[in-house]
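Read through the structure below, which is laid out as structure tokens, and then see the notes.
The values are calculated or read from the model by the stated rules, or taken from the named source; none is laboratory data. Not measured: the values here are computed from a predicted model. We place every Cβ from the backbone using ideal geometry, glycine too, and count neighbours over all the protein chains shown.
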Amino acid sequence: MSKQTLTQSASRSVWRTIGYVILIVGSVISLIPFLWMLSCSFKDPAYIFSNPVQWIPKPWLWSNYAKAFERMPFALYTWNTMEITILSLIGQLISCSLVAFGFARMRFPGRDVLFIVLLSTMMLPAQVTMIPEFKIFAALGWYDTYLPLIVPSFMGAPFFIFLLRQYLMTIPREMDEAARIDGASTWQVYRHILLPQMKPALATVSIFAFMGSWNDFLGPLIFLDSPAKRTLALGLYAFQGQYAVDWNYLMAASTVVMLPLLIIFIIGQKYFIQGVVVSGVKG
Amino acid sequence: MRNETPISKMRRKEAIEGFLCISPWLIGLLFLTVGPVIFSFLISLTKWDMINSPQFVGLGNYATIIADDFRFRQSLRVTLIYAMVSVPLGLICSLALAMLLNMNLKGMRLFRAIFYIPAILPPIAVSMVWLMLFNAENGILNVLLGKLHIAPVPWLTSTEWALPSFILMSLWGVGGGMIIYLAGLQSVPTQLYESAEIDGAGSWSKFRHVTLPMISPTILFNLIMGIIGSFQVFASSFVMTQGGPAYSTLFYVLYLYQNAFMYLKMGYACALAWILFLVILALTLLMLKASKSWVYYESELRK
């Protein structure tokens, strides 16, 4: 018996060591593109495609960032991207929480059928509705404005509604029923009882909505025209079109575009992972 | 005047308020989904450049696409190959990583973050970085391969290597799937492993007979999401290759985009979108049907 446990624990520690080796090798592979991007963003262009590889930039050129900032109006593009991202985030939070509340707590005819409709719209590829949407927004005079990128958020996204509704279903009804008996209106129940309790799920939604807007490329590409209205993603694309060979500046620009997401990930890691868990395991 | 009981009055009030609550989504459903879906189908029956008025052509667009559009067939082929290779490979890699992370090693949170981050970054910025890594002459990948005495690979510049390059790049994003598997693995009850050990099961048979069946719903989820995701590849091919060389990376949505916004063939593009929808739907239903033989749902036991 003891001999068996001994070999078992020995084999376990062998497995652990192998596990570490694979994880470390995997992490290095995973990090190389980042490190190389960072390294190139500080480099003299002569060393970007040099053999042997120069990992640590020499000379170290902070000026690459200054040059990239000169060529691409980062402040303006960041502001534009923030405007779209924050407004659509607000839209998603208000509409998705309200709709999820309706599906989770209110009784009305056709509710369950409508919920199935909601789930099945997730299956529809965005490309099917893309061209009519373009036409509709253009007819409304919204072409080359941020409205097509913001207004749909105020109508909720099926995935977020589903996520919040699932979360609401796990919150016991006692509190809101008690409030009802005390004469609270539907609005008060939503606003003062359930909304505060939904905070963790709303954090998850915020992070994914932020990521969706910040990373969106096709939307701005289709709906925006004037250079002054570009988002960061679109600006980066235009930058590459103009200065394709200046890899050091391009990498400096890419680093700046990635940075906000990295920061948000580090702050909100917990909510990122929570959201994925809900969607993947319970979905 | 109708005579209502207080109860039915309350019910009616609740129903009205319920509809008010979901009204943002209902309006969106009407104007951003149902309306555009019908509109899209109607457009697909026309020839339309968005400038002149549309001309009705019946199922002409569909007939042209299926009978004689080389680039449609090529884009479908590219996308299918990409899906068939990158999804299973990604599935194996992300499951393997998740199992390693599930061993409760020290630094698990750090590893998890390192693997997950590539999956959340702006695709456009990621594409820029890989464009540089893939440089055929002296890009860092070729320099590193050279150190292993492997001849330089022409990556994005050759018809043979361009699509494999995209598959390689997709593997960099396996962290997204990994997080989902990790959650699935952590929800497997430990008693199952303990009782398997009592029955004398080794590591492999525990994996084969406990882990795999228990996480099979998660595998199915990732499989379906992976296939759908493969059919949506756009930004990377748009930025890195524009579909080339010689259409070897002409992904489906890229071809659709080109038709709509470069050649202004809106009717044709809408028909392509509908075919895309049907292909995705067919693949999803096929996987759901096939899954009955290998996906295990715990609730089935309880019946």
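Of all residues in region A:253-277, those satisfying the criterion of being buried (at least 19 other Cβ atoms within 10 Å of the Cβ), more than 13 Å from the chain's Cα centre (by Cα) and at pLDDT below 80 are A:GLN274, A:VAL277.
Scanning region B:21-63 for residues that are loosely packed, with under 14 Cβ neighbours inside 10 Å, among the polar types (S, T, N, Q) and in contact with a helix residue (DSSP H, G or I) (Cβ under 9 Å, 6 or more places away or on another chain) yields a single hit, B:GLN55.
Examine region B:46-63 for a residue that is in a helix (DSSP H, G or I), farther than 30 Å from B:ALA183 by Cα and in contact (Cβ under 8 Å) with a residue 60 or more places away in the chain, and state whether such a residue exists. Looking through region B:46-63, at least one residue is in a helix (DSSP H, G or I), farther than 30 Å from B:ALA183 by Cα and in contact (Cβ under 8 Å) with a residue 60 or more places away in the chain.
The number of residues in region B:7-17 being at the interface with another protein chain (Cβ under 7 Å from one of its Cβ atoms) and under 19 Å from A:GLY183 (Cβ atoms) comes to 2.
Condition first: of a type in the set (D, E, K, R), surrounded by fewer than 21 Cβ atoms within 10 Å (Cβ to Cβ) and at the interface with another protein chain (Cβ under 10 Å from one of its Cβ atoms). Can you find one or more residues in region A:140-150 that meet it? First the steps, then the outcome.
As a first pass, look at region A:140-150 and keep what is of a type in the set (D, E, K, R): A:144.
Next, only the ones that are surrounded by fewer than 21 Cβ atoms within 10 Å (Cβ to Cβ) stay: A:144.
When the remaining residues are screened for being at the interface with another protein chain (Cβ under 10 Å from one of its Cβ atoms), the result is none.
Within region A:140-150, none of the residues are of a type in the set (D, E, K, R), surrounded by fewer than 21 Cβ atoms within 10 Å (Cβ to Cβ) and at the interface with another protein chain (Cβ under 10 Å from one of its Cβ atoms).
Filtering region B:186-223 to residues that are buried (at least 18 other Cβ atoms within 10 Å of the Cβ), under 22 Å from A:TRP15 (Cβ atoms) and within 10 Å of another protein chain (Cβ to nearest Cβ) leaves only B:ILE215. Taken residue by residue, region B:5-12 has at least one member that is assigned to a loop (DSSP other than H, G, I, E, B) and either out of contact with any Lys or Arg (no Cβ under 9 Å at 6 or more places or on another chain) or hydroxyl-bearing (Ser, Thr, Tyr) (or both). Starting from residues that are aliphatic (A, V, I, L, M) and surrounded by fewer than 18 Cβ atoms within 10 Å (Cβ to Cβ), keep the ones in region A:219-251 and report whichever is farthest from the other protein chains (Cβ to nearest Cβ). In this case the residue turns out to be A:ALA228. B:PRO6 meets the conditions (1) surrounded by 15 or more Cβ atoms within 10 Å (Cβ to Cβ); (2) over 22 Å from the mean Cα position of the chain (by Cα) in every case but one. The failed one is (1). Restricting attention to region A:7-44, the residues that are in a helix (DSSP H, G or I), more than 9 Å from every other protein chain (Cβ to nearest Cβ) and within 32 Å of the chain's Cα centre (by Cα) total 7. So which of B:LEU80, B:LEU110, B:LEU163, B:LEU148 is within 30 Å of B:ALA269 (Cα to Cα), more than 8 Å from chain A (Cβ to nearest Cβ) and surrounded by fewer than 19 Cβ atoms within 10 Å (Cβ to Cβ)? After ruling out the rest, the residue left standing is B:LEU80.
Of all residues in region A:32-49, those that are more than 12 Å from B:VAL126 (Cα to Cα) have Cβ atoms under 7 Å from Cβ atoms of residues that are in a loop (DSSP other than H, G, I, E, B) and charged (D, E, K, R), 6 or more apart or on another chain, in A:PRO45/A:ASP246; A:PHE49/B:GLU137. Residue count for region A:84-116 satisfying the condition of being closer than 29 Å to B:LEU256 by Cβ and more than 7 Å from chain B (Cβ to nearest Cβ): 9. Among the residues that make up region B:156-169, is at least one of them in a loop (DSSP other than H, G, I, E, B) and charged (D, E, K, R)? Yes, region B:156-169 contains a residue that is in a loop (DSSP other than H, G, I, E, B) and charged (D, E, K, R).
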